[in-house]
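Everything on this sheet refers to the single structure shown next.
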Amino acid sequence: MRESLLDRGVEAATEAPTVAMLPDCHVVKVGGRSILDGGKRTTYPLVEAIKDALEHHKLILGTGGGVRTRHVFSIGIDLGLPSGVLAQLSIADALGNAHMLGTLLSPYGVVAIPPEIFGHLLPLFMTAVPGVIFNGDPPFSLWEHPAKIGKIPPHRTDAGSYLLAECFGCATLTLVKDVDGLYDCDPKTNAGATFIDEITVGELRERALPTLPFDRVVLDLLASARQLTRFQVINGLKPELLEPALRGEHVGTIVRKDDTA
């Protein structure tokens, strides 16, 4: 108790097994721009897939802010706003998408928990309902970490969904995008892009790809993981992939911590 919490020896001595609070729950992050912004065409088929998955799995659904967040970032950066303010503004966009997707899923028992009580009451809700939904942004808001390059907040909805899954010791994290997974370059602009079906954090850092289909800071979080040591990126335009992904099948790109098989 009298030691400095900044001492490396003290830090190392705190390594210990971590309690998994929700080991039977699955976190699914639904992309705002990739799925919800497409309206009925892209959202309704995924809603059906989620409905079917709720019959067999406990789901914690996160949402992204989509094009509205990008619009806010564009205006805010033009006005000279700091990253923390941009992060605070983006929360509202993801929350709006959570309410919309949650409304579509409400007939199947999905509950939208208010952000201010989400973390504290999550275990209670997960014992009572088949699924809950939240805005994927982590609540750093004004305390967002400065970005290494530019001012776009590094911790966005992919990162928030990962942090929640890691904290509660959830079974899986699935990032639902509009591509089959990770490529060596953007497949939407390069027809010759090569698909990467599985890769570690270290390998991905070495390749220094120009773009990723998820928040780059997730690699830093995964490198320090204690419970959730991998996640999978799948194509939400192929909603039939959701159920096998939740079962642990390899149907997209798996990104894993370096020391995991």
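Where a number appears in this text, it was derived from the coordinates with a stated rule and is not lab data. Computed from a predicted model, the values in this text were never measured in an experiment. Cβ sites come from the backbone with ideal geometry, for glycine too, and all protein chains shown count toward neighbours.
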Quick one: which residues, 5+ away or cross-chain, put their amide H under 5 Å from the amide H of Ile152? H built at 1.01 Å from N. none
For His26, His57, His120, His250, which order do you get if you count the other beta carbons within 10 Å of each Cβ and list the fewest first? His120, His250, His57, His26
HN-Hα J couplings of region 197-206 from phi, Karplus 6.51/-1.76/1.60, θ = phi - 60°, integer Hz, Gly and Pro as x? 7, 7, 7, 9, 4, x, 5, 5, 5, 4
Roughly how many whole Å is it from the C-alpha centroid of region 50-88 to that of region 201-261? 19 Å
Students often check this: by mean Cβ neighbours within 10 Å, which of 60-72, 179-191 ranks highest, and how do the rest follow? 60-72, 179-191
Where both partners of a DSSP beta bridge lie in the chain, what percent of those bridges are antiparallel, to the nearest 5? 20 percent
If you build the convex hull over the alpha carbons only and average its shadow over all orientations, what do you get for region 20-256? Give it in nm² to one decimal. 12.1 nm²
Between Phe125, Gly150, Met21, whose Cα lies farthest towards the positive end of the dipole of the chain when Lys and Arg beta carbons carry +1 and Asp and Glu beta carbons carry -1, centred on the Cα centre? Gly150
If we count other beta carbons within 10 Å of each Cβ, what is the order of Val28, Val10, Val132, fewest first? Val10, Val132, Val28
For region 128-197, the Debye formula with one identical point scatterer on each Cα and no solvent gives log10 I(q)/I(0) at q = 0.18, 0.19, 0.20 Å⁻¹ as -0.94, -0.99, -1.02
